[in-house]
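Below you'll find the structure, written out as structure tokens, and then a few comments.
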Amino acid sequence: MITTVTLNAAIDKTYIVPGFALDKLYRVEQMTATAGGKGINVARVIRALGEEVTASGFTAGFHGQMILHKLGEEGIPADFVHVEGESRVCLNILDPGRGTQTELLEQGPAVTPADLDAMRDKVAALAAQSTHIVFSGSLPQGCPPALYAELVEIARRAGAIPILDTSGAALEEGVKSSPALIKPNEHEIGKLTGGGADASEDEVLPAIRRLMASGIERVVVSLGARGALAGVRGALYRVTLPPVEAINPVGSGDSMVAGLVVADKRGLSAEDGLILGAACGTANSLMPSAGQVRLDDVESLRTQIHVERIG
Ligand SMILES: Nc1ncnc2c1ncn2[C@@H]1O[C@H](COP(=O)(O)OP(=O)(O)O)[C@@H](O)[C@H]1O
Ligand SMILES: O=P(O)(O)OC[C@H]1O[C@](O)(COP(=O)(O)O)[C@@H](O)[C@@H]1O
């Protein structure tokens, strides 16, 4: 089994608002609301790829109940710690005409030291039954920035392969525990290494080398429609994509993580793993709501994505 941990679970709402601009009133005609937050999206795509998965993390309040209800409807096994407060809404406003995408992400509930202890126990128990455990997304209020580093250690001690996909201080602290795989995007790698936000190969490749040298086996830096640069066990790769008509790239990073983890579970080569990850990321960008892929798209993209060894 693969476990995903979403400490800051969310209801992901996508509004389609043609001509969206500031200082105006809109009546939203097209809306989707799904159980989300990064790890839940990862779980959905792992399941779509046919692997057994359990979604975990913190849920809170009525929104938390709705997240669990939606996971139940989708048949995704859930094993969360329920806390006081209210799980967040993450709003994504798409303007298809102009191709803009605006995200408003709430902070989420505040967790207590007792909640954190319950989560440490939950991670230890789930990791003992899992081949891989994926920690994704921002930390809710009340979590120390080093929490992921601690959970990665707990997971590793329990026998699971730990994967981390987060940002900011949580990523900075988390990499110190050498997870087996990290997947920063271009902004996240820039912040992690002090480089620019518009990551160039000259900046990203040395950063990947440094992270691998620190003990992280796989470093995949996703670059949106530009594909990805990656380091796997000391070797460097460039991933290039076919041109596609993307509709909504929110959740593409999560879908890519799902593909990478499933590839590792199946023992695919470094190249084939990167292809499956990128195919899932790009397949998600073709869907209107976050964290969804069609298997047909994944299979067809797998034949069109190229991976070359560059170092
Ligand atoms: N506009 C897009 N067109 C095609 N593929 C995309 C697009 N956006 C994302 N992807 C795919 O999803 C992967 C992850 O996307 P990215 O936007 O870099 O991650 P994140 O969602 O974490 O910011 C990319 O490497 C690529 O394979
Ligand atoms: O936990 P964070 O970092 O606040 O991110 C939450 C948001 O990330 C998403 O999971 C999308 O992430 P990606 O586009 O990086 O895959 C949204 O669905 C969610 O609302």
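The values are calculated or read from the model by the stated rules, or taken from the named source; none is laboratory data. What you see is a predicted model, and the numbers here were worked out from it, not measured in a lab. Cβ placement follows ideal geometry from the backbone for every residue including glycine, while neighbour counts extend to all protein chains displayed. For the accessible areas, the whole protein counts, side chains as well, though only heavy atoms, and no ligand, DNA or RNA atoms are used. Shrake-Rupley method; radii C 1.70, N 1.55, O 1.52, S 1.80 Å.
Couple of notes before you dig in:
- Checking the stretch 121-135 against the condition returns no match, with no residue being away from ligand 2 (no atom under 13 Å from the Cβ), under 19 Å from the mean Cα position of the chain (by Cα), open to solvent by 40 Å² or more (accessible area, probe 1.4 Å) and among the hydrophobic types (A, V, I, L, M, F, W, C).
- Within the stretch 210-234, the set of residues being charged (D, E, K, R) and either touching a strand residue (DSSP E or B) at 6+ places or on another chain (Cβ under 6 Å) or within 16 Å of ligand 2 (Cβ to nearest atom) (or both) comprises Arg218, Arg226.
- Subset of the stretch 295-311 [touching a residue at least 40 places away in the same chain (Cβ under 8 Å) and either of a type in the set (Ser, Thr, Tyr) or not in a helix (DSSP H, G or I) (or both)]: Gln304, Ile305, His306, Val307, Glu308, Arg309, Ile310, Gly311
- Single match in Thr112, Thr100 (criterion: among the polar types (S, T, N, Q), under 21 Å from Gly281 (Cβ atoms) and over 20 Å from the mean Cα position of the chain (by Cα)): Thr100
- Scanning the stretch 187-209 for residues that are touching a strand residue (DSSP E or B) at 6+ places or on another chain (Cβ under 9 Å), open to solvent by 10 Å² or more (accessible area, probe 1.4 Å) and more than 30 Å from Leu116 (Cα to Cα) yields Glu201, Leu205, Arg209.
- Qualifying residues in the stretch 230-248 (those that are part of a strand (DSSP E or B) and more than 9 Å from ligand 1 (Cβ to nearest atom)) - the one farthest from Ser300 (Cα to Cα): Ala235
Residue-wise test of (1) modelled with pLDDT of 95 or more; (2) over 15 Å from the mean Cα position of the chain (by Cα); (3) farther than 20 Å from Arg44 by Cβ; (4) among the acidic types (Asp, Glu).
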| residue | (1), (2), (3), (4) |
| --- | --- |
| Ala235 | yes, yes, yes, no |
| Pro249 | no, no, no, no |
| Ala263 | yes, yes, no, no |
| Arg266 | yes, yes, no, no |
| Ser269 | yes, yes, yes, no |
| Gly273 | yes, yes, no, no |
| Ser285 | yes, no, no, no |
| Arg294 | yes, yes, no, no |
| Glu299 | yes, yes, no, yes |
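- If you go through the stretch 126-149 and keep only what is touching a Leu at 6+ places or on another chain (Cβ under 7 Å) and either in a helix (DSSP H, G or I) or without any contact (Cβ under 8 Å) to a residue 12 or more places away in the chain (or both), you end up with Leu147, Tyr148.
- Residue within the stretch 204-217 that is of a type in the set (S, T, N, Q), in contact with a helix residue (DSSP H, G or I) (Cβ under 8 Å, 6 or more places away or on another chain) and more than 16 Å from ligand 1 (Cβ to nearest atom) present: yes
- Residue count for the stretch 150-174, restricted to those that are open to solvent by less than 20 Å² (accessible area, probe 1.4 Å) and assigned to a helix (DSSP H, G or I): 6
- Cβ separations smaller than 6 Å between residues 6+ apart or across chains give the following pairs from the stretch 246-259 residues that are closer than 15 Å to Asp12 by Cα to residues that are part of a loop (DSSP other than H, G, I, E, B) and within 8 Å of ligand 2 (Cβ to nearest atom): Val250/Ala290; Gly251/Ala290; Gly251/Gly291; Asp254/Gly291.
- Out of Ala118, Ala160, sole residue that is out of contact with any Ser or Thr (no Cβ under 7 Å at 6 or more places or on another chain) and more than 20 Å from Gly36 (Cβ to Cβ): Ala118
- Leading residue by the ranking (nearest to ligand 1 (Cβ to nearest atom)) among those in the stretch 218-229 that are open to solvent by 30 Å² or more (accessible area, probe 1.4 Å) and within 30 Å of Gln141 (Cα to Cα): Gly224
- Taken over the stretch 1-47, the residue count meeting the criterion of being open to solvent by 10 Å² or more (accessible area, probe 1.4 Å) and either of a type in the set (D, E, K, R) or within 26 Å of Lys265 (Cβ to Cβ) (or both) is 11.
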